[in-house]
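One structure is given here, and the rest of the page talks about it.
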Amino acid sequence: IEVGTGTLTATNARSAAVVKIAVEKLGEWVQNCPHVQVDETPWLVLGVKEWMWVVCGSGFCLFHAGDTRSRAELEILLGKSFQGVLSSDDFSVYNGYPARKPQKCLAHLRRHFKKVSQLKHGNNARLGQVFLDLIDAAFAAHRQWRESGDTVAYREWADGFKREVRTALDLWLPSAGYAAGLLLRSLRDKASQWWPFLEHPEI
């Protein structure tokens with residue numbers, strides 16, 4: 001069956017209008033969601049570098065094509081502030097954005113310490129491995145909590161883990177090189193953004 005170009009154009013226009021309404025409703029709902037995860041990545045459009053943003057969570061995924069990687073795009077998605085838990089990496093756009101509870105991504109943190117551990121000079125290899133082991137222990141403990149639901153045991157572990165992190169920071173910060181020092185100072189100065197899951201494992 002042959003379908004005329006005009007028919008296809010009209011069908012596409014009607015479909016786009018329906019999808020637009022659904023996306024706008026999802027966008028409004030997302031701003032009141034209790035927990036979202038946000039990220040952005042470069043996206044070439046006809047050779048021009050743009051940015052594809054994504055907000056996702058349990059049962060949904062919302063994409064936003066933005067011209068920039070700036071705070072303005074984040075505010076389009078979530079508003080001037082966000083009253084839920086905002087999971088993100090440590091990109092500067094998210095730092096200081098007024099979310100009720102920010103939770104930075106430990107997978108990104110692990111990747112950064114992995115790079116530090118591969119540096120050949122100074123104490124980078126040992127320092128990096130210490131914090132890789134801590135992050136891996138956090139992943140393992142949280143996985144065990146998800147499987148068992150034993151919150152009492154998890155909180156006991158979390159108390160000990162926080163002490164281990166503080167001890168490691170005190171030990172390694174004075175002798176850390178530039179790259180490692182940036183990470184360690186972030187863990188120290190932004191502790192409330194790296195470790196919320198220790199108090200709230202449901203994040």
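The values are calculated or read from the model by the stated rules, or taken from the named source; none is laboratory data. Quantities reported herein were computed from a predicted structural model and do not represent experimental measurements. Cβ sites come from the backbone with ideal geometry, for glycine too, and all protein chains shown count toward neighbours. For the accessible areas, the whole protein counts, side chains as well, though only heavy atoms, and no ligand, DNA or RNA atoms are used. Shrake-Rupley method; radii C 1.70, N 1.55, O 1.52, S 1.80 Å.
Relative to the current alpha-carbon distance between Asp189 and His108, full extension at 0.36 nm per residue lengthens the span by 27.4 nm.
Within the chain, which complete DSSP H helices have Cα atoms spanning at least 27 Å along the helix axis and a mean Kyte-Doolittle hydropathy of -1.0 or higher? The answer, listed by residue number, is 5-30, 124-148, 151-172.
What shape does region 83-203 take by its C-alpha gyration tensor, where a ≥ b ≥ c are the square roots of the eigenvalues and a/c under 1.5 counts as rounded, a/b above b/c as prolate, and the rest as oblate? Note, shape of region 83-203 comes out oblate. With the simple spin-label model, which puts each label point 7 Å out from Cα in the Cβ direction, the Ala179 to Glu156 separation comes to 3.9 nm.
Thr151 exposes around 50 Å² of accessible area when a 1.4 Å probe is run over every protein chain in place.
Placing Arg166, Arg110 in order of accessible area, with the largest value first and a 1.4 Å probe, yields Arg166, Arg110. Residues whose amide H falls under 5 Å from that of Ala99, counting only those 5 or more places apart or on a different chain, are Phe82, with hydrogens built in the peptide plane. Per the Debye formula with a single identical scatterer at each Cα and no solvent contribution, what log10 I(q)/I(0) holds for region 146-203 at q = 0.19, 0.22, 0.28 Å⁻¹? For region 146-203 at q = 0.19, 0.22, 0.28 Å⁻¹, log10 I(q)/I(0) is -0.73, -0.87, -1.13. Left without a cysteine partner by the 4.7 Å Cβ rule in the chain: Cys33, Cys105. A simple count of charges around Gln129, restricted to other residues whose Cβ falls under 15 Å of its Cβ and scoring Lys, Arg +1 and Asp, Glu -1, yields +3.
The translational diffusion coefficient of region 17-164, from Stokes-Einstein at 4 °C and 1.567 mPa s with a Kirkwood hydrodynamic radius over alpha carbon pairs, comes to 73 µm²/s. Applying 1/(1 + (r/R0)^6) with r as the Cβ-Cβ distance of Glu147 and Ser58 and R0 = 25 angstrom yields a FRET efficiency of 0.85.
Helix-only arithmetic for the chain: the sum of -39500 (n - 2.57) across DSSP H runs with n ≥ 4, divided by the residue total, places the mean residue ellipticity at 222 nm at -18000 deg cm²/dmol.
Placing a label point 7 Å from the Cα of Val48 along the Cα-to-Cβ direction, the residues of region 60-83 whose backbone N falls under 13 Å of that point are 66-68.
Could you list the residues of region 34-55 with an amide nitrogen less than 19 Å from a label point located 7 Å from the Cα of Ala22 in the Cα-to-C-beta direction? Answer for this model: 54-55.
Loop-resident chymotrypsin sites (Phe, Trp or Tyr not before Pro) (DSSP state other than H, G, I, E or B) in region 54-98 with no more than 15 further Cβ atoms inside 10 Å of their Cβ: Phe91.
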